[in-house]
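One structure is given below, encoded as structure tokens.
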Amino acid sequence: MSIYTDPILVIGNKNYSSWSLRPWLAIRKAGVHVEIKRLPLDTEEFAREIGNYSPTGKVPVLVDDTRTVWDSLAICEYISENMDEGHLWPPNYAERAWARSISAEMHSGFPHLRNAMPMNCRATGRTVPMTDGLEKDIARIDQIWTECRQKHAHIGPWLFGGFTIADAMYAPVVLRFNTYGANLSDDSRQYMQHVLNDRDIQQWMADAAEETEVVAADEAGEE
Ligand SMILES: N[C@@H](CCC(=O)N[C@@H](CS)C(=O)NCC(=O)O)C(=O)O
């Protein structure tokens, strides 16, 4: 007989773990109770403990009673479906398809952005060399944000008006652009500012600022 305990989300460092931020933010926006366990990346503690939770040896991973859900997008889906009555997607099916498309695009794409601009919440004013690939990734993200905002500004300040998983998926990109800068449309810049002002994002950044670990591989760019 298993004794039910609160679900646990295992995350990495708040400063560096972009994948962890996504389900953490979805949990905050769903307003559900999930215990957060932090395992700092690149440490003996991580290596020793992650196998107790995750079959992939990676974070984030959610453990809910007998169920284990790994991979950021799958966790966001689980939170929406099983803990929030599907409210973390837009209510209309066509909008949902659009939100899912850009979420999947984020999840599997933008390799130049990921490599050149690692998430590093507490760093600002950094510059990295611009390449054709990076420029293309940034331009595509700018296009996605601009289209979403132009269509949904009358509903609310998030990509689809109200908060959805798509915002969770792009939140680390906002933090990356906050660190390294990016050439964006006015609509995209307003969206970025909205995300940066969000209470939960502010909390994540404040927690990140208090962390002391440094992951050398994720320290990119010149001050
Ligand atoms: N596609 C996965 C990526 C997970 C991932 O790469 N996590 C990194 C941290 S952000 C990790 O756990 N790295 C530790 C390791 O590989 O040892 C997701 O969406 O959750």
DSSP beta bridge pairing in the chain, given as percent antiparallel to the nearest 5: 70
Non-local amide H neighbours of residue 38 (under 5 Å, H modeled in plane, Pro and chain starts lacking H): which ones? 11
With +1 on the Cβ of every Lys and Arg and -1 on the Cβ of every Asp and Glu, and nothing else charged, how large is the dipole of the range 8-83 about its Cα centre, in debye rounded to the nearest 20? 260
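Compute the accessible area per residue over the range 120-192, keeping the other protein chains in place, probe 1.4 Å, unit Å².
41
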Would you mind getting the accessible area per residue of the range 8-83, heavy atoms of the protein chains only, 1.4 Å probe, in Å²? 43
Within straight cross-link reach of residue 37, meaning Cα distance under 15 Å, which aspartates and glutamates are found once same-chain residues fewer than 8 apart are removed? 6, 45, 49, 64, 207, 211
Share of carbon and sulfur in the accessible heavy-atom surface of the range 8-161 [1.4 Å probe, %]: 50
Given the candidates 138, 13, 178, the one whose Cα lies deepest towards the positive end of the charge dipole of the chain, counting +1 at each Lys or Arg C-beta and -1 at each Asp or Glu C-beta, is 138
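Mind checking the dipole of the chain: about its Cα centre, +1 per Lys or Arg Cβ, -1 per Asp or Glu Cβ, Debye to the nearest 20?
On the way: 21 positive and 33 negative charges, 78 e Å.
So the dipole magnitude of the chain works out to roughly 380 debye.
Taking the Cβ of residue 185 as the center, what net charge do the other residues with Cβ under 9 Å away carry, scoring Lys and Arg +1 and Asp and Glu -1?
On the way: positive: 149, 189; negative: 142, 186, 187.
Its environment carries a net charge of -1.
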Positive-end residue, the chain charge dipole about Cα centroid, Cβ charges, pick of 78, 160, 61: 160
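For every other residue with a beta carbon closer than 12 angstrom to the beta carbon of residue 144, add +1 if it is Lys or Arg and -1 if Asp or Glu, then tell me the sum.
On the way: positive: 140, 149, 151; negative: 105, 137, 142, 147, 167, 187.
Charge balance in the 12 Å sphere: -3.
How much net charge surrounds residue 87 when only other residues with a Cβ under 14 Å from its Cβ are counted (Lys, Arg +1; Asp, Glu -1)? Show your work: numbers first, answer last.
Details: positive: 28, 29, 96; negative: 77, 81, 84, 85, 95, 167.
My count for the surroundings of residue 87 gives -3.
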So which aspartates and glutamates pass the test for residue 136, namely a Cα distance under 17 Å, with those fewer than 8 places away in the same chain ruled out? 105, 147
Relative contact order [Cα under 8 Å, 6+ residues apart], the chain, whole percent: 26
Calculate the spin-label point distance for residue 81 paired with residue 210, positioning each point 7 Å from the Cα along the beta-carbon direction, and give it in nanometres. 3.5
Please identify, among 32, 59, 174, the residue showing maximal mean-square fluctuation in a Gaussian network model of the chain using a 10 angstrom Cα cutoff. 32
With the chain treated as a Gaussian network of Cα nodes joined by springs under 10 Å, which of 132, 200, 167 yields the largest mean-square fluctuation? 132
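Per residue, how big is the convex hull of the chain when only Cα atoms are used? Give it in Å³. Please report the intermediate quantities before stating the final value.
Numbers: hull volume 27.5 nm³, N = 223.
It is 123 Å³ per residue.
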Tell me the Kirkwood hydrodynamic radius of the range 113-181 in angstroms, computed as one over the mean inverse distance between distinct C-alpha pairs. 12.9
Using a 10 angstrom cutoff on alpha carbons, build the Gaussian network for the chain and name the most mobile of 169, 83, 117. 83
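The values are calculated or read from the model by the stated rules, or taken from the named source; none is laboratory data. Keep in mind that this is a model prediction, so the values were computed, not measured. Here the Cβ is made from the backbone with ideal geometry for all residues, glycine too, and neighbour counts use every protein chain on show. To get the accessible areas, we keep the full protein, side chains included, count just its heavy atoms, and leave off ligands, DNA and RNA. Shrake-Rupley method; radii C 1.70, N 1.55, O 1.52, S 1.80 Å.
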